[in-house]
Ligand code: PMM
């Protein structure tokens with residue numbers, strides 16, 4: 001790793017102990033993402049949106065150019081590069097910490113050259129055999145999500161014995177394989193992959209038993225924002241449009257922050273920025289633990 005890359009990696013908030021859960025804002029430069037597809041397809045609008053998320057309190061902004069909605073088809077690598085690179089460049093130049101949401105080593109590498117300092121790979125290295133070596137070389141923090149198959153086929157893979165135990169075991173295997181390929185374990189963040197090859201009930205189990213992911217010994221990122229599992233807690237009775245799930249998303253952010261998550265990936269940053277600060281303010285202090293009055 002170069003000195004500059006080491007400095008960038010060290011400066012990324014994902015792996016820095018700040019005492020509170022970090023907020024990753026989402027910029028999907030796609031026509032078809034499930035909740036915000038098409039809103040940011042032009043680079044200028046995507047950059048403007050990313051800047052707004054940073055102003056709303058995002059600690060970092062995640063830029064993606066390929067939808068992973070259930071049933072989504074893959075896009076050619078050139079299309080993905082064309083979507084994300086100007087946005088990564090524009091946001092990084094404005095001083096925003098940028099993560100690149102990609103399953104492709106080529107995109108991760110080009111995005112890092114354009115200023116991204118975190119790689120967020122929903123496939124945890126399974127989609128592209130070149131990703132492990134790429135990330136090892138870049139030395140950036142690497143978000144390793146639990147994943148079983150591409151979006152077109154993922155529903156057929158939502159079969160588990162005990163979903164939490166199976167996700168922990170599969171992520172542990174991923175960590176072994178990635179570190180064997182040269183990825184620094186200290187740079188890895190794990191993610192249970194809410195909604196990816198999981199039914200709503202399975203996703204709720206993972207959130208309910210989030211503490212069990214701590215067995216992996218790595219920071220935990222949770223991406224539940226606007227996802228379909230939240231439909232059942234929306235009070236409109238219809239499950240709500242994706243943006244009507246923002247209040248539920250913020251509630252999840254507060255709860256998982258209190259239960260040890262290091263980062264939440266969300267569309268509505270302002271609400272979750274308040275939620276994670278509320279969780280931090282309510283966390284027991286060492287005085288509370290010793291039974292001293294405040
Ligand atoms: N979910 C989506 C995309 N990228 N990355 C991580 N690490 N975790 C997630 O849960 C995740 C992700 C799909 O949601 P979107 O279409 O709203 O971005």
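Using the average count of surrounding beta-carbon atoms within 10 Å as a protection proxy, the listed peptides 174-180, 115-121, 82-88 rank, highest first, as 115-121, 82-88, 174-180.
Extension gain for the segment residue 285 to residue 232, taken as residue separation times 0.36 nm less the Cα-Cα distance, is 15.7 nm to one decimal.
Mean separation of Cα pairs under 8 Å and 6+ residues apart, divided by the residue count of the chain: what relative contact order is that in percent? This gives 19 percent for the chain. If you take the square roots of the eigenvalues of the alpha-carbon gyration tensor of the stretch 135-294 and sort them as a ≥ b ≥ c, do you get rounded (a/c under 1.5), prolate (a/b over b/c) or oblate? It comes out oblate by the Cα gyration axes.
Ordered by packing density, taken as the mean number of other Cβ atoms within 10 Å over each peptide's residues, highest first, how do 72-79, 104-111, 215-222 rank?
Numbers: 72-79: 13.6, 104-111: 23.4, 215-222: 19.8.
Ranking the peptides 72-79, 104-111, 215-222 by packing returns 104-111, 215-222, 72-79.
Computed over the stretch 65-123, the quotient of the alpha carbon radius of gyration and 2.2 N^0.38 Å is 1.07.
Can you give the helix-only mean residue ellipticity at 222 nm for the chain, where every DSSP H stretch with n ≥ 4 adds -39500 (n - 2.57) and the sum goes over all residues, rounded to the nearest 500 deg cm²/dmol?
Rounded to the nearest 500, it is -12000 deg cm²/dmol.
Modelled label positions at residue 184 and residue 44, each set 7 Å beyond Cα in the direction of Cβ, lie 4.0 nm from each other.
Taking max minus min of the alpha-carbon positions on each principal axis, the chain gives extents of 56, 47, 40 Å, largest first. Label positions at residue 255 and residue 153, each projected 7 Å from the Cα along the C-beta direction, are separated by 3.3 nm.
Here, the stretch 78-186 has an Rg and a Dmax of 14.8, 47 Å when only alpha carbons are counted.
Every number in this text was worked out from the coordinates using simple rules, so none of it is lab data. Model, not experiment: these values are computed from the prediction. Methodologically, a virtual Cβ is constructed for each residue, glycine included, from the backbone with ideal geometry; neighbour enumeration extends over all protein chains shown.
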